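Student: Pasting a structure below so you can have a look.
Read-outs: derived from the displayed coordinates by stated rules, not from any lab. All values reported here derive from a predicted model rather than from experimental measurement. Heads up, the Cβs are rebuilt from the backbone with ideal geometry, glycines too, and the neighbour counts pull from every protein chain shown.
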Amino acid sequence: MLIFFLLWQTSLLAQTLNLSTPRSTLYTHLENLKPDHYHPEIAAQTVYGLTGKKAEDKALKLKYIYDAKGLIIDYATIPNDPDYTDSTHFTFPKHAYKPFPLRLPEIYLEKYGNKWYYSRQTVSQIDLIFNELYPYGVDFVSSVPPEFQTKFLGIAIWKWTGLILLLIGAYLLHVLAKKLLYWIFRFLKNHVVSERFKTVERINLRLLQFSDPISYLVSLAFLIKLLPSLFLPARFTAFIMSGLNVALLIFWVFVFLRLVDVIMSFYITRAEQSESKLDDQLVPILRNTLKVIVLSFGIFKLLILFGADPKTILAGVSIGGLAIGLASQDTIKNLIGTFMIFVDKPFRIGDWISFENVEGSVEEVGFRSSSIRAADTTIFKVPNSKLAEIVINNKGQRVYRRYQTQIGIRYDTPPHLVEAFVEGIKEIIEVHPLTRNSSDHTAYNMRPYNVEFIEYGDSALLIMVNVYFKTTDWGEEMHGRHVLHLGILELAEKLGVGFAFPSQTLYMELFPEKKPEYPEYPQDPAEIKKRIEEAVANFNAKISKY
């Protein structure tokens with residue numbers, strides 16, 4: 001008796017027309033369209049501006065729209081205030097209420113006079129939304145044979161059959177769409193991008209991976225489009241639609257993650273074909289950054305899908321981001337410095353750089369710091385924020401490596417032999433394979449080399465040798481110096497020129513039969529020229545073995 005009394009009270013409440021609050025209007029609409037107390041004429045009175053069969057048609061279609069999207073009204077969350085005002089989902093605050101502002105924003109209640117109705121805007125949108133959800137209408141249900149109307153687990157057999165056929169069709173559509181999309185992407189790649197990307201297998205693999213989640217999106221869109229036509233129970237539809245919406249979001253995230261991989265595959269190919277190794281260092285940093293951004297937006301959308309308020313999420317993220325930013329200022333500075341290095345490219349991997357008290361070869365540019373290997377093989381870890389601000393001497397980008405030294409010869413060397421020695425060194429430089437020579441000199445650049453008698457030293461006549469090696473490699477320059485020094489030594493030996501070293505000369509009275517021991521220098525110009533030619537020829541002949 002108690003159960004019968006409660007059902008009777010519920011039936012009377014449903015049949016009561018009450019439009020005083022948003023909650024009572026929604027209750028009047030939906031409860032009067034339930035099979036056990038079906039009163040469409042009462043539900044129709046919640047539609048503003050229409051009466052009779054037209055109003056009943058709109059109210060019934062609105063119920064079908066809720067069922068198709070799996071939207072369940074929780075009356076406990078509906079405002080019961082007659083003067084409720086919404087200032088969040090409308091441009092200007094008004095007496096209106098949206099039951100599902102994210103999933104069905106076109107449908108809302110509005111207060112007219114002292115009563116709440118489905119608004120004019122809602123009434124104008126009902127047919128459009130209904131036709132999108134039910135492209136085949138609802139009349140075909142009456143033509144389903146009785147034997148298929150038998151229920152299994154509370155759902156008609158024809159609905160189970162239709163659901164299975166939809167799943168099979170979605171899978172077949174996924175397989176076909178994947179092959180078609182991959183063919184389209186390959187076609188576009190082969191006809192749009194440049195030749196250097198066409199034969200790269202890495203890009204083909206990424207395009208295949210990219211087509212996979214898109215084909216799943218096509219299948220999900222197919223299911224979402226046709227599922228309402230099965231007229232499944234509202235709660236069952238709500239369960240399925242929730243799963244489909246979550247899957248839809250996840251596959252969208254996968255689409256953008258795969259898109260990042262496709263873009264990076266093109267960038268990696270370009271980086272491999274360039275001389276700079278700095279681009280190779282940028283690849284993992286750029287890939288990880290883009291994927292973090294995609295995943296962050298995906299989590300944000302997932303929270304909204306589960307009912308979180310987007311403004312609350314943004315406020316929390318803003319406050320949390322501010323706190324994290326204040327706590328990690330140095331990390332953010334280094335991150336910005338990293339991107340400034342990749343944008344400005346002040347050096348490349350392998351360049352020899354120097355700044356302040358650090359000098360060495362750039363080995364790696366990381367997310368926070370860079371590794372500089374010094375000449376003694378030790379590693380300097382330098383924050384990227386510092387590298388982006390200080391003055392860096394990039395010796396790795398020199399066109400030539402300059403070498404300057406002074407050669408000291410004995411004070412008793414005759415002037416003509418000093419001149420011959422200088423000219424001999426110039427000829428050696430001319431034939432040296434790594435030094436700049438006269439063929440490299442134009443009127444608009446620096447002299448290719450300098451060899452001059454420049455100074456009277458304390459114990460020697462000083463000859464300056466200033467040359468430029470045509471290499472950027474330190475080891476190759478050292479070998480070039482080795483070859484040059486040997487050539488100068490052999491020239492000095494041929495000419496009889498002695499190298500001076502710090503010494504003192506003592507003059508004393510000589511006995512008549514004693515003569516001072518001085519080097520015997522060649523005097524004949526022809527002999528001097530011959531010796532120079534021999535020294536240069538010997539040097540030229542020995543170059544090949546180095």
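Student: Place a label point 7 angstrom from the Cα of GLU356 along the Cα-to-Cβ direction, then list the residues of the stretch 370-384 whose backbone nitrogen is under 17 Å away.
Tutor: Once the point is set 7 Å along Cα→Cβ of GLU356, 370-374, 379-384 turn out to lie under 17 Å by backbone N, inside the stretch 370-384.
Student: Provide the gained length on full extension for the span GLU430 to TYR38, in nm with one decimal, where the gain is 0.36 nm per separating residue minus the Cα-Cα distance. Could you put the intermediate results ahead of the total?
Tutor: On the way: separation 392, 0.36 × 392 = 141.12 nm, distance 10.75 nm.
Value of the extension gain: 130.4 nm.
Student: While we're on this one: Using a cut-off of under 16 Å, list every residue of the stretch 343-369 whose amide N is near the label point 7 Å from the Cα of HIS479 along the Cα-to-beta-carbon line.
Tutor: Once the point is set 7 Å along Cα→Cβ of HIS479, nothing inside the stretch 343-369 turns out to lie under 16 Å by backbone N.
Student: Sticking with this structure for a sec: Which trypsin sites (Lys or Arg not before Pro) from the stretch 374-466 combine a DSSP loop assignment with at most 15 other Cβ atoms within 10 Å? Before the final figure, lay out each step's value.
Tutor: Values: sites: LYS381, LYS386, LYS395, ARG398, ARG401, ARG402, ARG410, LYS426, ARG436; in loops: ARG398, ARG410, ARG436.
Loop-located and lightly packed - ARG398.
Student: Say R0 is 51 Å: what FRET efficiency, to the nearest 0.05, do ASP83 and GLU132 get from their beta-carbon distance? Write out the running numbers ahead of the final one.
Tutor: Details: r = 34 Å, r/R0 = 0.67.
Efficiency, from the Cβ-Cβ distance: 0.90.
Student: Here's another thing I want to ask about it. If we count every other residue with Cβ under 13 angstrom of VAL260's Cβ, Lys/Arg +1 and Asp/Glu -1, where does the sum land? It would help to have the intermediate numbers written out before the result.
Tutor: Details: positive: ARG206, ARG258, ARG287, LYS291; negative: ASP261.
Here the count lands on +3.
Student: Evaluate the charge dipole of the stretch 21-115 about its Cα centre and quote only its size in Debye, nearest 20, assuming +1 on the Cβ of each Lys and Arg and -1 on the Cβ of each Asp and Glu.
Tutor: 240
Student: Then there is this: Using the basic label-point model (7 angstrom from Cα toward the beta carbon), what is the TYR521 to PHE100 distance in nanometres?
Tutor: In this crude spin-label approximation the distance works out to 10.7 nm.
Student: State the extension gain, in nm to one decimal, for the chain segment bounded by PHE367 and ASN538, taking 0.36 nm per residue of separation less the distance between their alpha-carbons. Provide the component values of the computation, followed by the final result.
Tutor: Working: separation 171, 0.36 × 171 = 61.56 nm, distance 5.42 nm.
Contour length minus Cα-Cα distance gives 56.1 nm.
Student: Starting from the Cα-Cα distance between THR91 and ASP376, subtract it from 0.36 nm times their residue separation and give me the gain in nm to one decimal.
Tutor: Values: separation 285, 0.36 × 285 = 102.60 nm, distance 6.80 nm.
Separation in residues times 0.36 nm, less the Cα-Cα distance, equals 95.8 nm.
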